[in-house]
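What follows is a single structure, written as structure tokens, with notes after it.
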Amino acid sequence: MKKTSPNKSERIVLTPMRFKLFILSILLLVILLYIVAAYQTEAFPQRVIEGFPIIFLFVVEDLWPPSWEYFTSVIQPLLETWNIALFGTTFGAILALPVSFLAASNINTNLTFYRIIRFFFNILRTVPEIILAVLFVALVGIGDISGILALTILTIGIIGKLLSESIESVDPGPLEAIRASGGNTLQVIRYAVIPQILPQYASYTLYSLEINVKASVVLGFVGAGGIGIILRQQLSMFNYQNVAAIIFTLFIVITIIDFISNKLRERLE
Amino acid sequence: MVNALIEFNDVSLVYPNGHKGLKNINLKINEGEFVVIVGMSGAGKSTLIRSINRMVTPTSGELIVDGEDILQLKDSQLRKVRTNIGMIFQSYNIVKRMSVLRNVLAGRLGHTGTLRSLVGWFPQNDLQIAMNNLERVGIDEKAYVRASNLSGGQQQRVSIARALTQQPKVILADEPVASLDPPTSHKVMKDLKRVSREDGLTTIVNLHFIDMAMEYADRIIGLRDGNLVFDGPIEEVTDQTFEEIYDRPIKDDDFLGSEEETDEKNESEQV
């Protein structure tokens, strides 16, 4: 090995000057964009500072104390919200399974068909759940059914995306073995892929349930059933102590659901 | 005395990238033979073996398996042929999250209707076959254990049992012991040889260790750069034969002996 002796006459820089200037100019550009955006939306710091006392007074005078007697009226819509989330997740998870295989390149080897399915998935996931709910309310009318349908579509988007990626990363060995023994594609899926992705599938379904419980609260605002309906009602009637009761209940329930779901998912992985 | 079960007539295979995997192979393998294919990595051993069940498809020639030119078959006919060919892989290719018995039973899929297999309703007879084959490779007491809890040698036995459960005529084994340590390698090869003798199976195995090949083969086929450079019964094989196949003097590395590790580079063969 030949050693090159350090040349004292020339300074060695870790980062070239050009690169430093490049990073600096990007940083300045980003800061500039923030300033422009703040002016455009009139989001000035002093407005936030001025707003603090108003928020504080709203919480202390209007929201507090939650009207405890209203809790009994919260339970029924809350159960409805839970049911909407549960059914939406269940239907979505069932429908997402077959579609996920079509969206996995190692199973669906027809490249054109695969791309169409992927494109369809991407479109699906750009639609916010509130828009889905509005669409279904227009289609089947106000009530739980439109909420369930909106969440079904939302769930297909979430699980389909995650699960198809899990399918693409399974160990290809068992697939090869089943093919070599004369098994057809459905048998390859059933005996080589599904056993490998089952824990992820269960985990993604629970994750969707967490998202759907929160989403179904919002769905009520556009008439898709559940606790959102009474939340909107009480807000528009300025019954802030009732609103506080609803929010408090939601906080407790969502925390419990997330906790249980997280514990279950930890055990799956 | 016996008829050729597998016949290569002028078979060549060119990969899409232009690499020639097999060059004008002419070969006859008779029923009941235990053939070992040897050659350097990249010589086309894997390609040759995988051509027989068309896991890779030769680009020209005629490949006759049990009386049919498999290069002409459509997908559904090909699946039918594959049910008669068991395959054993270097990395076992079993589902580690599934029980041993379920993995072995997967060997029956080609013989089971799609709907029936999807709901997992296998005939009791298939379960008997599966369990019997687990017994033959000595791991029947592990039937309900998750495959991931088994050692490498045991996992390879599961895959042997799976191949046997197909009740095939032919067994293809692509470097079956390359991931195992020397003592386990010998145990697995002994099992493979014994069961294929008992069932009168035609067995074709890729091996890259000279001593392993000499110990288990009835017949040796040598490949170099996709060409068939040697084909003869084990009695005719000497050290010099291997030097011709490898086109270099043989080295200690070519013997499994007590050396622990196999060269990682030997596993980069294209498939």
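Just so you know, all these numbers are worked out from the coordinates, no wet-lab data involved. Values in this document were obtained by computation on a predicted structure and should not be read as measured data. With ideal geometry, Cβ positions are generated from the backbone for all residues, glycine too; neighbour counts draw on all protein chains shown.
Okay, here's what the table says:
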{"item": "Extension gain (nm, one decimal) between A:ILE116 and A:ALA38, 0.36 nm per residue minus Cα-Cα", "result": "24.1 nm"}
{"item": "Overall form of chain B per C-alpha gyration tensor (a/c, 1.5; a/b vs b/c)", "result": "oblate"}
{"item": "Unit Cα scatterers, Debye sum, the protein assembly as shown: log10 I(q)/I(0) for q = 0.06, 0.08, 0.12 Å⁻¹", "result": "-0.50, -0.74, -1.10"}
{"item": "Computed label-point distance, nm, for sites A:PHE221 and B:ARG116 using a 7 Å Cα→Cβ extension", "result": "5.6"}
{"item": "Gyration tensor verdict on the range A:31-91 (Cα atoms; rounded if a/c is under 1.5, prolate if a/b is larger than b/c, oblate otherwise)", "result": "oblate"}
{"item": "Protection proxy ranking of B:117-127, B:62-72, A:18-28 - average other beta-carbon atoms within 10 Å, highest first", "result": "B:62-72, B:117-127, A:18-28"}
{"item": "Shielding by partners, peptide A:145-157 (average Cβ within 10 angstrom, other chains)", "result": "0"}
{"item": "Separation of the B:ASN149 and A:SER73 label points, Cα + 7 Å toward Cβ, nm", "result": "5.7"}
{"item": "C-alpha center-to-center spacing [the range B:86-155, the range A:49-80] in angstrom", "result": "60"}
{"item": "Gaussian network model of chain A, Cα within-10 Å springs - most flexible of A:SER166, A:SER216, A:SER208", "result": "A:SER166"}
{"item": "Members of B:LYS169/B:LYS190; A:LYS161/B:LYS142; B:LYS45/B:LYS193; B:LYS45/B:LYS74; B:LYS142/B:LYS193; B:LYS74/B:LYS96 lying beyond 28 Å, as alpha-carbon distances in this model show", "result": "A:LYS161/B:LYS142; B:LYS74/B:LYS96"}
{"item": "MRE, 222 nm, helices only [DSSP H, n ≥ 4, -39500 (n - 2.57), over chain A, to nearest 500]", "result": "-25500 deg cm²/dmol"}
{"item": "Nitroxide proxy distance, nm - points 7 Å out along Cα→Cβ at A:GLU50 and B:ASP247", "result": "8.6"}
{"item": "Cα gyration tensor, the range A:78-268 - rounded (a/c under 1.5), prolate or oblate", "result": "prolate"}
{"item": "Partner aspartates and glutamates for A:LYS263 [C-alpha distance under 14 Å; skip if fewer than 8 residues away on the same chain]", "result": "A:GLU210"}
{"item": "Contour minus Cα-Cα distance for A:PHE259 and A:LEU21 (0.36 nm per residue)", "result": "80.9 nm"}
{"item": "Inter-centroid distance (Cα atoms) of the range A:96-175 relative to the range B:161-231, Å", "result": "46"}
{"item": "Residue-averaged 222 nm ellipticity for chain B, from DSSP H runs of 4+ at -39500 (n - 2.57), nearest 500", "result": "-9000 deg cm²/dmol"}
{"item": "Helix runs (DSSP H) in chain A reaching 15 Å along axis by Cα, Kyte-Doolittle at least 0.5", "result": "A:17-41, A:45-57, A:71-102, A:111-126, A:129-140, A:144-168, A:194-219, A:240-268"}
